[in-house]
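Report on the following structure.
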Amino acid sequence: MKILLATGIYPPESGGPATYTAGLSSVLREQGHEVHVLAYGDPSLKEEYVTRISRRGGAFVRYIRYAWSAFWHAYHADSVYVQGPVSEGLPTMIGAWFAVRSYTMKVVGDYAWEMAMQRGETDLLDVFLTKRHRGVIGWYERIERWTARRADRVIVPSRYLATVVERWGVPRERIHVVLNANEPLPPSRGREAERSALGVSDRVVVMTAVRAVPWKGVAELIESVVGLPPSHILVVAGDGPELSRWKALAEGHGVSDRVRFLGRIDRTALAGWYVAADVFVLNSGYEGYPHVVAEAASCGVPCLVSDQGGNPETKEIFPDLVRVLPYRDIAAWTHALSAVTKRDERMPVAPSWTYSEMVDRTIETLRGTRDPLSVVMVSYDRELLDPASVAFHRVASLASTGIVIHALVISKADGSASTQDRTFSARAVGSVGIFRIVSAISTGIKLARSGSHRVLVTAQDPFAAGLTGYVISRYSNAPLELQEHGDFYSGAWATESLRNRLFAPIGRFLLRHAEQVRAVSDRVKAHLISIGVDVSRIFVIPVAQNVTALLSRPFGAVSPVPHIVVPCRFVAQKGLDVLLEALSRVANQRVPFHLTLIGSGPLQADLMRQVAKLGLTDRVTIEPWRESSRLWDEADLFILSSRYEGWGRTIVEAMAAGVPVVTTDVGCVGSFFRPQVDGRVVQPDDVAGLTSAILEQLRESDRRDAMRRSAREATHRLPSITELHARQQDAWRML
């Protein structure tokens, strides 16, 4: 890759960003990448692959110079990696925009908060983020949030900083945690030799290494020294604007002889003090990720850290060496430090995160291979808005750390719902009539453009939802997946109404132009191929069902008056008119039975009239929908009389429950369900055939029992929900 590294400072200037960028640049070049560094500094310092921008002329002038250079170098780069959101971030963003290049940004802190703290602000960062500020601090806030939100990706060194950047308005799926690796420390002379040379052989050394700014908590550590045994000394490495105040504070408390200020020291001296120290402390009110703690712990030094920022995350990496204490709790720190004694010689602890690993992870991020997959889902299912519903949990379980799902529910309902980790969220897109579609399209485009840059759109039918998804996908340049659950092109669906006949060509167009089509059965796949959908774009994933509880239902004898159960929506698709006609013929042969229709729908009144007309009033009951676990409590026979089905959930449930099945040749019949082996199968709209199959199931007990045992056994071959979800996730990744 050709990579532009844009930074504020670079060696010979010192500081974390300078050290990080120099080390990263060196390793990247070793790996064969072409790297150019852009930094502020003295332009007279000539160095190959480094351009330095003079700071003369004020902020506006130097930003113009930096932006022009960023434009030129970004234009010739494959990837732009900027090391901060303000002084380097703003001009790089401008230059990259003119060069038509995206950029990745590293964020190691909240620059606006740091500037506010140096101006006397007292709020900790978490409180600061809840407010909006005016003046210079307000401008810093706007700039860092603006530049970060425009970045393709944001790299942060801790999970805590990821939450900070998310509060800036950067979508979670654009944020990547890449720990900072420690630059190897120079070798030391050994613990006793270092302690002797530093004059601390007889002392308990409490060490900290910080920039001298208010939130580093050194003032509180000095107060703790007052309550420590005389053998304890505090060693403070680092300089900054607070250093003189800390020295005055030590003198004021009468402990200046037990607090040693080292000022800025090089890494050789720092390594010597790590080896000499008995404990390393970091009582800071904020840290993005405390690399000094990782350095000390990697040398085998026990560490005490505050409970702020990314500090507690170091305990996960060094669980035996790091202890977390409350920030600014002087009593707790005094008590903990009083218990510190001289430590024995310790072998260095191997660092858990090498420089090579950090660089490899950074390259993966710059290339986009670590971007999570962002899925914009278009649906009509209101249950997705209810966190307690089965539908919510089913779709939420498709999300993962690598897949984020945003569901748009086109419905009159209001509301939204999300999982705690926000890998799945659903929102209602309510409005009036056609404006719901317009609102869904507008919202979907914003989601597709604002999230991860690995985006796809999926729609749960090929009609209104599919058209909505199609427009979203084309405007956001994201691939489209259509889901075909209903077998709409079997031939029967289009004959049901004028509306269906009008929608049929729309669905046909969308299915042919979608990049991927999910079919729920082989039957649906065959019908899609027959209307011209490219077979290479179709993949079959059955409907995910959990039937474990039904498998424990005992096989019972058929009642003297067999109880026939039919759970479904009361619509033309279900062929209930054919079922009632067939059952009237069964009744004419004086065969006892009782039918319970469970559900509701627009044809309920028509069904009641047909029941009365056929003289079946005493034999038919209509009940509202009940929990699926109770559908089969008293069932002796299940009948599916549908004219078409994509899969047929109730067929599978009846099979698992051990309920004998009579079904039309639809959905999973012929693939998962074996005709005349797992149950009796007839053609749709065949009254005579359905009548005969019902009579056979009621009269031929041995054959009926063999079929239902075979059917239950078949359900053990049903793919698990985990397996089906893995197939769907893999299909999305391929897309």
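Projected onto its three principal axes, the C-alpha set of the range 241-296 covers 33, 26, 20 Å, listed from the longest axis down. Between the amide H of ARG454 and those of SER374, distances stay under 5 Å, these residues lying 5 or more places away or on another chain, with hydrogens modeled in the peptide plane. Distance from the alpha carbon centroid of the range 595-621 to that of the range 487-551 works out to 30 angstrom. Extension gain for the segment GLU713 to THR354, taken as residue separation times 0.36 nm less the Cα-Cα distance, is 124.0 nm to one decimal.
Between the alpha-carbon centres of the range 658-735 and the range 377-404 there is a gap of 27 Å.
Across the range 225-239, coupling constants 3J(HN,Hα) worked out from phi with the 6.51/-1.76/1.60 Karplus curve, θ = phi - 60°, read 4, 4, x, 8, x, x, 6, 8, 10, 9, 10, 10, 9, x, 9 Hz, and Gly and Pro carry x. All Cα-Cα separations within the range 190-239 were binned at 10 Å from zero, giving a P(r) of 23, 46, 28, 3, each value a whole percent of the pairs. Charge dipole (Cα centre; +1 on Lys/Arg Cβ, -1 on Asp/Glu Cβ; no other charges) of the range 447-515 amounts to roughly 300 debye. Its Cα gyration tensor gives the range 532-624 an equivalent ellipsoid, and the semi-axes of that ellipsoid, as √(5λ) in whole Å with the largest first, are 31, 21, 13. Please give the direction-averaged projected area of the C-alpha convex hull for the range 98-248, in square nanometres with one decimal. Average projection, Cα convex hull of the range 98-248: 13.0 nm². Taking only Cα atoms, what is the 0 to 90° angle, nearest 10, from helix 355-367's long axis to the longest principal axis of the chain? It works out to around 50 degrees. In the chain, taking the dipole from charged Cβ atoms about the Cα centre, the farthest positive-side position among LEU510, PRO229, ALA654 is held by LEU510. Past the 23 Å Cα-Cα mark, which pairs from LYS216/LYS315; LYS2/LYS46; LYS131/LYS412; LYS247/LYS315? Listed pairs above 23 Å: LYS131/LYS412; LYS247/LYS315.
Modelled label positions at THR122 and ARG367, each set 7 Å beyond Cα in the direction of Cβ, lie 5.2 nm from each other. Between amide H atoms placed 1.01 Å from N, distances below 5 Å from LEU640 occur with VAL662, THR663, THR664, all of them 5 or more places distant or on a separate chain. Figure legend: label point modelled 7 angstrom from the Cα of ALA731 along Cα→Cβ; residues of the range 494-531 with amide N under 20 Å from it are 507-531.
Quick one: pull the percent of accessible area on the range 114-253 belonging to carbon and sulfur, 1.4 Å probe, ligands and nucleic acids left out. Intermediate values should be presented prior to the final figure.
Values: 3120 of 6040 Å².
Summing carbon and sulfur atoms, their accessible area is 52 percent of the total for the range 114-253.
Here the range 95-174 is treated as a Stokes sphere of Kirkwood radius computed over C-alpha pairs; at 4 °C and 1.567 mPa s its diffusion coefficient rounds to 97 µm²/s. Sorted from longest to shortest, the spans of the Cα atoms of the range 462-511 along the three principal axes equal 35, 18, 13 Å.
Please work out the Kirkwood hydrodynamic radius for the range 436-553, using every pair of different C-alpha atoms, and report it in angstroms with one decimal place. Can you show the working numbers first?
Details: mean 1/r = 0.0654 Å⁻¹.
When all Cα pairs of the range 436-553 are included, the Kirkwood radius is 15.3 Å.
The alpha carbon radius of gyration of the range 418-463, expressed as a multiple of 2.2 N^0.38 Å, is 1.29.
Return the FRET efficiency for the residue pair VAL543, ALA197: r is the Cβ-Cβ distance, R0 is 56 Å, and the value is rounded to the nearest 0.05. Let's see the in-between values first.
Working: r = 73 Å, r/R0 = 1.31.
That gives a FRET efficiency of 0.15.
Ordering TYR274, ALA331, ILE94 by Cα displacement along the dipole of the chain toward the positive end leaves ILE94 in first place; charges were set at the Cβ atoms of Lys, Arg (+1) and Asp, Glu (-1). Over the chain, dividing the summed -39,500 (n - 2.57) contributions of all DSSP H runs of at least 4 residues by the number of residues returns a 222 nm mean residue ellipticity of -12000 deg cm²/dmol.
In 10 Å bins starting at zero, report the fraction of Cα pairs in the range 1-141 per bin as a rounded %. Going out from 0 Å in 10 Å bins, the range 1-141 shows 12, 39, 33, 14, 2 percent.
Seen against the Cα atoms of the chain and their longest principal axis, helix 16-30 is set at about 70 degrees. In plain terms, the chain from ARG609 to LEU498 could stretch by 37.5 nm, reckoned as 0.36 nm per residue minus the Cα-Cα distance. Computing FRET efficiency as 1/(1 + (r/R0)^6) for ARG569 and SER389, where r is the C-beta to C-beta distance and R0 is 22 Å, gives about 0.80.
How would you classify the range 193-310 from its alpha-carbon gyration tensor, with a ≥ b ≥ c the square roots of the eigenvalues: rounded for a/c under 1.5, else prolate if a/b is greater than b/c, otherwise oblate?
Details: a/c = 1.42, a/b = 1.01, b/c = 1.40.
It is rounded, given that a/c, with a ≥ b ≥ c, falls under 1.5.
Taking amide H as placed 1.01 Å from N in the peptide plane, VAL378 has its amide H under 5 Å from the amide H of LEU408, THR458, ALA459, GLN460, each at least 5 places away in sequence or on another chain. The length gained on full extension between VAL61 and GLN420, counted as 0.36 nm times the residue separation minus their Cα-Cα distance, comes to 124.7 nm.
With a simple spin-label model that places each label point 7 Å from the Cα along the Cα-to-Cβ direction, the separation between LYS247 and ARG150 comes to 4.4 nm. Over all pairs of distinct alpha carbons, what does the Kirkwood formula give as the hydrodynamic radius of the range 259-392, in Å? Computed over the range 259-392, the radius equals 18.3 Å. What FRET efficiency would be calculated for the residue pair ARG132, TYR380, taking the C-beta separation as r and a Förster radius of 35 Å, to the nearest 0.05? Given R0 = 35 Å and the Cβ-Cβ separation, E is 0.35. Residue-normalised convex hull volume from the C-alpha trace of the range 352-511: 136 Å³ per residue.
With all projection directions averaged, the alpha carbon convex hull of the range 152-206 covers 6.3 nm². Please list log₁₀ I(q)/I(0) at q = 0.14, 0.15, 0.23 Å⁻¹ for the range 487-590, using the Debye equation with identical point scatterers on the alpha-carbon positions. For the requested q values the scattering log ratios are -0.83, -0.89, -1.23. One way to sum up the overall shape of the chain is the equivalent ellipsoid from its Cα gyration tensor, whose semi-axes run 68, 30, 22 Å, largest first.
A Cβ-based charge dipole, computed about the Cα centre of the chain with Lys and Arg at +1 and Asp and Glu at -1, lands at about 1480 debye.
Model label sites at ASN477 and SER600, defined 7 Å from Cα along the beta-carbon direction, differ in position by 4.7 nm.
Which semi-axis lengths, in whole Å and largest first, follow from the square roots of five times the eigenvalues of the Cα gyration tensor of the range 579-730? Could the numbers behind the result be given before it?
Working: eigenvalues 149, 69, 41 Å².
Square roots of five times the eigenvalues give 27, 19, 14 Å.
Here the Karplus curve 6.51 cos²θ - 1.76 cosθ + 1.60, taken at θ = phi - 60°, turns the phi angles of the range 387-393 into couplings of x, 8, 7, 5, 4, 4, 5 Hz, with x standing for Gly and Pro. The lysines whose alpha-carbon is closer than 20 Å to the alpha-carbon of LYS574, local same-chain residues fewer than 8 away aside, are LYS613.
The values are calculated or read from the model by the stated rules, or taken from the named source; none is laboratory data. Predicted model, so just to flag it, every value in this text is computed and none were measured. We place every Cβ from the backbone using ideal geometry, glycine too, and count neighbours over all the protein chains shown. The protein model used for the area step is the full one, side chains on, heavy atoms only, and it has no ligands, DNA or RNA in it. Shrake-Rupley method; radii C 1.70, N 1.55, O 1.52, S 1.80 Å.
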